[in-house]
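Asker: Got a structure for you, questions after.
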Amino acid sequence: MSGLSLHKKLEKNAGLLIFGILFVSSIGGLVQILPVLFQDSLKTASANTVPYSAVQLQGRDIYIRESCHACHSQQVRPLLAEVKRYGPYSRAGEFVYDRPFMWGSKRTGPDLHRIGGKYSDIWHRIHLIKPRSVVNDSIMPAYPWLEDEPASAAGDIQKKMQVLKTLGHPYSEQEIEAAPSMLDGLTEMDALIAYLQVLGTSAETSEEQGHH
Amino acid sequence: MADMPNDFWSGWIVLLTAVSFIGLIWLVLSVYFTPQSETQASDEPVWDGDIREGNTAPPLWWFWLILATMVFSVSYLMLYPGLGSFSGALRWSMGHELQQNKRDYATKFSTISEDIIASSLADLQARPEVMKTAGNLFNQNCAACHGYEAQGQASLFPSLRDDEWQWGDAPEQIETSIRHGRKAVMMSWQTALKDEGVENVSDYILNGLGTSDSASHAGQAQYNLFCMACHGEKGEGNPLIGAPNLINDIWLYGGSMAAISESIAHGRQGEMPAYDTRLDDVQIKILIAWLKK
Amino acid sequence: MKEESQQFYHDEVVTRLVQFSLIWAIVAMFVGVYLSAELLWPELDFGQFWLSFGRLRPLHTNGIIFGFGVSALMATAFYTVQRTSHIPLFMPKLAWFCCYAWQIVVLLGGLSLLAGWTSTKEYAELEWPFDIAITILWVCFGVVFFGTIARRKIETIYISNWFFGGLIIVIAMLHIVNNLAIPVSIDKSYSLYAGAQDAVVQWWYGHNAVGFLLTGGFLGMMYYFLPKMSNQPIWSYRLSVVSFWAFTYSYIWAGPHHLHFNSIPEWVQSLAMVMSLILLAPSWASMINGIMTVSKSSVKLHNNPALKFIVLSLAFYGLATFEGPMMSIKSVNVVSHFTDWTVGHVHSGALGWNAMITYGVFYYLVPRLAGRELYSLRLANIHFWLALSGTILYILAMWAAGVSQGLLWMSIDELGQLNYTFNDIMASMKPYYGLRLIAGLVFLSGTILMSFNLFMTIKGKKTVKVKPPTIVKASEVAA
């Protein structure tokens, strides 16, 4: 049989055509997606990687809400210049508690994967409220409203941690129990900064530094 | 990298890829090289009154195009990791390539690096290309806080271009500041001093310290009791513990009465993060040379 | 049997979808222009959370893809499938439901993005309630479309319908798998996948939303309207067959080229790269098919904005589908990834291909739906030049911006240190961003001109009633 005669059967039978499209278009996913989903090394936390604390998790969800990923990647590629600029390159094992992933696709601003510990909390606070007061040329938006809302505003931190627990994040009952009190008195700004400060801090500090 | 699929999934990947590749080749060949006569159907459909499918033979160059991309693909998958756990004839990986690039880099710049480490700060300061690089390095790593060209900013991050070095201006002290960071601990004195005390001490610092009639000032007793241990009797400061000089008219957090009262009442916790994992020896050395210039 | 084929085509829903599509085009393109201005003057968000770049950006992309794009695709799919099946739409009420409910979902979805409801997955940002609504509506779309095909009066299914069928089937598969998540609250859910796995799933979706919606779906448009406008058979049936199946096969693999040198296994990257290169052939096959069809035609391009737009769109289609495979080569991607080059590439497809072919089709379609000549040929000709110059300026500006970002980020000085700070490079983008803003304004003004032109064309007119050709062949409005 030739491809042409097979096609002539499909184009005369809607059911067969639907099946044909479904079959042909699913091959790529079967080859790429399935094995990736079953690959254990991609869901095994690297040595220092632990689930986000209640405050960091809340901060991460604020990062998500403001779509920071639209301008900032969290992915240091294994390229010399990139490692020199940002630090050790990103490893899959560092992202196993990232739902969803925050790697981004555009660097209008710099990569943030190794931002944790690079600046003091107070710098982040000033920078988020008035970016151009510390970085002259910055084109980053200001986020003044983060100071106004308490970190616990939505009141769903325990629900979030429970959902993540069912997805396999190892939170203990005590951690979930204590979560609301961890957020007590903190603003969204505090939570976001807590998240930024933990970003990329689980890098293995072996020879993977930007050093030579 | 260690992210290779196990044997089952590896076989799955290879098999499906190979079979579907063959399927694609079969499709192209069989459709492309069907004799013209066979493609002419007697009951050729006409849609919507006038739409037909033409019977032109597809151009041969298109066949060469897809053939070329497929030949390239097969060759690529033989050379590079792609077919499951087969790592390709070149044994290439992202991690290996980075290591190789780092080795090349080290070879290329090792002389320069050794030379910099061996040079005195004065020698480095005399080399314009080193100073240019150091300036870049500063702007890349330090300027977000200390401002472009290190002039300080936001009444929080000190200028590195004035005479005041809170943690000391010796090259070794600067190196410690860069490598391990600094954390200042000026406590809050509101409870101890109360509003009046804060005002008196602030005024003493502004108007009494270092003057001839300091002894008669209302704030002196409290200054000596609470502040002198760190900032010194004459307000000369102590770089060993990061206590700033109070008489040189350089005020990180502002030199107004209000700003000084604020510092005393609520304390200050200026923080410099540690950069020893972000900067290497060469970078730190030329940064110090640049800062001391 | 006879009774049924004497019914009229359901074209009113097509008219309405075209109108919605035009509204979304203006809204979403305006948001795009506003975003590009924010990159020059960040204070333009006036400290309002809903005007913040991060929240507006998904409104721009979703507004274009789901508002403008899908409305246009539904309109042309409904129009085409009736005429190539020689029968009115199956379940026309359901088609109306699709039409209106889709607009409501896009509108509320857009507002929810401004409110900060987002899953962050590109082109799949809408949170789970909207994902469910979209799934239901997509199934309805499929029922109307395949129901019409199932009852067709002509045995062979026309090529446009292969592509529209591919659009409906593959997007459904991608949408469902990529959006699997566990809800926390009405506005928040956590993805079923994490980290590297989530990234691979997302770009399998993201790339193929481009593939089967923005490429395949719009090829469906091309394969009906181009032969119709140029009074020619589609040039080579065999090329159509080979390109359709090779396209459907290879596109799906290409997603992970969005993750070159990222923390995903190398084998996935390599397979994505080679399949992206193979994809060049079937992509170009459709371009050749289109261009050769027109080249055989005696219909003049002069004063024929519809045909001019479609021919131009094929040129940009050829450019974008060449550029894509090139950018998927790992050593090129090292430079292009994370830069404005990607933004330029997307827009050479979105402006040059998707928008232009839609404009061409609308210039053809609306006078026929209205049963009246186009309101102003002159405005349409002006629009053509605005669209062309806007697109070219946009692409050039982003090429220049992207290539310089990519190279400057990697530049090492004589001491082995980085040559430029991130800030310096970012600040040097200002002129390019300025040009891009102008390009966007030019393109948007053309779109507004066209919308005015088309609304004036259809104003006060009821959609023309057309019967399937088996009964009254001449009822088709003359070209």
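Asker: Which numbered condition in (1) part of a helix (DSSP H, G or I); (2) more than 7 Å from every other protein chain (Cβ to nearest Cβ); (3) within 30 Å of C:Arg152 (Cα to Cα); (4) not β-branched (Val, Ile, Thr) is the only one that B:Ser10 fails?
Answerer: (3) is the only condition that B:Ser10 fails.
Asker: Here is a further query. Of B:Pro81, B:Pro58, which residue is farther than 30 Å from A:Leu30 by Cα, open to solvent by less than 20 Å² (accessible area, probe 1.4 Å) and at the interface with another protein chain (Cβ under 9 Å from one of its Cβ atoms)?
Answerer: B:Pro58
Asker: Which fully enclosed helices (runs of 4 or more DSSP H) of region C:245-342 have 3 or more residues being more than 14 Å from chain A (Cβ to nearest Cβ)?
Answerer: C:266-295, C:305-328
Asker: Okay, moving on. In region B:84-118, which residues are closer than 26 Å to B:Gly11 by Cα, without any contact (Cβ under 8 Å) to a residue 40 or more places away in the chain, surrounded by fewer than 16 Cβ atoms within 10 Å (Cβ to Cβ) and small (Gly, Ala, Ser)?
Answerer: Once the filter is applied, which keeps residues that are closer than 26 Å to B:Gly11 by Cα, without any contact (Cβ under 8 Å) to a residue 40 or more places away in the chain, surrounded by fewer than 16 Cβ atoms within 10 Å (Cβ to Cβ) and small (Gly, Ala, Ser), region B:84-118 yields only B:Ala89.
Asker: Something else now. Of the conditions (1) away from chain A (no Cβ under 14 Å); (2) in a helix (DSSP H, G or I), C:Pro88 clears all except one; give me its number.
Answerer: Among (1) away from chain A (no Cβ under 14 Å); (2) in a helix (DSSP H, G or I), the lone unmet condition for C:Pro88 is (2).
Asker: Go over the candidates B:Met131, B:Met70 one by one and state the one that is closer than 30 Å to B:Trp9 by Cα and either in contact (Cβ under 8 Å) with a residue 24 or more places away in the chain or among the charged types (D, E, K, R) (or both).
Answerer: B:Met70
Asker: Condition first: free of Cβ contacts under 8 Å to residues at least 40 places away in the same chain, part of a loop (DSSP other than H, G, I, E, B), open to solvent by less than 20 Å² (accessible area, probe 1.4 Å) and touching a helix residue (DSSP H, G or I) at 6+ places or on another chain (Cβ under 7 Å). Now tell me which residues in region A:110-138 satisfy that.
Answerer: A:Asp111, A:Val135, A:Ser138
Asker: Could I ask something else about it? Considering only region C:274-287, state which residues are within 18 Å of C:Ala209 (Cα to Cα) and surrounded by 24 or more Cβ atoms within 10 Å (Cβ to Cβ).
Answerer: Passing the criteria: C:Met275, C:Ser276, C:Leu279, C:Pro282, C:Ser283.
Asker: Can I ask one more? Would it be correct to say that B:Gly95 is farther than 30 Å from C:Val242 by Cα, at the interface with another protein chain (Cβ under 7 Å from one of its Cβ atoms) and at pLDDT below 95?
Answerer: Yes: the conditions hold for B:Gly95.
Asker: Restricting attention to region A:1-59, report how many residues are in contact (Cβ under 8 Å) with a residue 12 or more places away in the chain, assigned to a helix (DSSP H, G or I) and β-branched (Val, Ile, Thr).
Answerer: Adding up the residues that qualify gives 1.
Asker: Of the residues that make up region C:442-455, is at least one among the β-branched types (Val, Ile, Thr) and open to solvent by 30 Å² or more (accessible area, probe 1.4 Å)?
Answerer: Within region C:442-455, one or more residues are among the β-branched types (Val, Ile, Thr) and open to solvent by 30 Å² or more (accessible area, probe 1.4 Å).
Asker: Here's a check for you: in region B:61-78, which residue that is facing another protein chain (nearest Cβ under 7 Å) and open to solvent by 20 Å² or more (accessible area, probe 1.4 Å) is farthest from C:Ile159 (Cα to Cα)?
Answerer: Checked region B:61-78; the qualifying residue farthest from C:Ile159 (Cα to Cα) is B:Tyr76.
Asker: So which helices (runs of 4 or more DSSP H) are wholly in region B:184-293 and hold at least 1 residues that are outside the structural domain of B:Ser110 (by TED's automatic domain parsing) and in contact with a strand residue (DSSP E or B) (Cβ under 8 Å, 6 or more places away or on another chain)?
Answerer: Passing ranges, in order: B:228-231, B:257-266.
Asker: Only one of these conditions is not met by B:Cys142: (1) of a type in the set (A, V, I, L, M, F, W, C); (2) open to solvent by less than 60 Å² (accessible area, probe 1.4 Å); (3) within 10 Å of chain C (Cβ to nearest Cβ). Which number is it?
Answerer: Against the list (1) of a type in the set (A, V, I, L, M, F, W, C); (2) open to solvent by less than 60 Å² (accessible area, probe 1.4 Å); (3) within 10 Å of chain C (Cβ to nearest Cβ), B:Cys142 comes up short only on (3).
Asker: Quick one: C:Ala209 ticks every box in (1) at the interface with chain A (Cβ under 9 Å from one of its Cβ atoms); (2) farther than 27 Å from B:Pro35 by Cα bar one, so which box is it?
Answerer: The one condition C:Ala209 does not meet is (1).
Asker: Oh, and also: Looking at this structure, is A:Leu80 more than 22 Å from C:Leu44 (Cβ to Cβ), modelled with pLDDT of 95 or more and open to solvent by 30 Å² or more (accessible area, probe 1.4 Å)?
Answerer: yes
Asker: Further, regarding this structure: Looking only at region A:171-188, how many residues end up being within 13 Å of chain C (Cβ to nearest Cβ) and farther than 12 Å from A:Leu57 by Cβ?
Answerer: 1
The values are calculated or read from the model by the stated rules, or taken from the named source; none is laboratory data. Just so it is clear, the structure is predicted and the values come from calculations on it, not from any experiment. Cβ sites come from the backbone with ideal geometry, for glycine too, and all protein chains shown count toward neighbours. The accessibility values were calculated without ligands, DNA or RNA, using every heavy atom of the protein model including side chains. Shrake-Rupley method; radii C 1.70, N 1.55, O 1.52, S 1.80 Å.
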